[in-house]
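Here is the structure we will look at, set down as structure tokens.
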Amino acid sequence: MTSSTPTPPPTPSAGGGGDLVYPQQPPKDPVLILVLNLLLLGGVGYIIIGQKMKGIAAIVLWLLGLFTCGIGSGIVAIVGAIDGWMQAQQLQQGHPVAQWTFFQDHK
């Protein structure tokens, strides 16, 4: 007698590529993520919600932006704050996001 175990379903593909970040309980507050990305190196909020590589990339870009008299850092912080808020909203609503999903690129 052979025992066959069912194969797990394939992992769904998400927009933006990479592994999926699933909602956490309790969900992270989108406003908190916005403030963290705006005030802490442009990417700390991403790390908090689980988009670790995106957060590290944003922090590196923020540090490199210091060489442009801070203008580049400011742009990274503002874009990161808005995008982090949108990603946290998706997670708060129970939708997974990909590691590299940006703005409204949710599928």
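Some points to look at:
- Protection-proxy order for peptides 60-73, 88-101, 30-43, each taking the mean of Cβ atoms within 10 Å per residue, highest first: 30-43, 88-101, 60-73
- Solvent-accessible area of ASP29 with every protein chain in place, 1.4 Å probe, in Å² to the nearest 10: 80 Å²
- Percent carbon-and-sulfur accessible area, the range 26-90, ignoring ligands, DNA and RNA, probe 1.4 Å: 85 percent
- Residue-normalised accessible area of the range 18-107, expressed per residue, 1.4 Å probe, Å²: 56 Å²
- Whole-Hz Karplus values for the range 38-49 come out as 6, 9, 10, 6, x, x, 5, x, 4, 5, 4, 8 Hz, taken residue by residue from phi with 6.51 cos²θ - 1.76 cosθ + 1.60 and θ = phi - 60°; glycine and proline positions read x.
- If R0 is taken as 25 Å, the Cβ-Cβ distance between LEU66 and PHE102 corresponds to a FRET efficiency of 0.65.
- Simple label model, 7 Å out from Cα along Cβ direction - GLN25 to ILE56, nm: 3.0 nm
- The HN-Hα couplings worked out from phi for the range 89-95 by the Karplus form 6.51 cos²θ - 1.76 cosθ + 1.60 (θ = phi - 60°) are 5, 4, 5, 5, 7, x, 9 Hz, whole numbers, x standing for Gly and Pro.
- Cβ-defined net charge surrounding ILE82, 15 Å radius [Lys, Arg +1; Asp, Glu -1]: -1
The values are calculated or read from the model by the stated rules, or taken from the named source; none is laboratory data. Predicted model, so just to flag it, every value in this text is computed and none were measured. Heads up, the Cβs are rebuilt from the backbone with ideal geometry, glycines too, and the neighbour counts pull from every protein chain shown. Just so you know, the surface numbers come from the protein's heavy atoms only, side chains and all, with ligands and any DNA or RNA stripped out. Shrake-Rupley method; radii C 1.70, N 1.55, O 1.52, S 1.80 Å.
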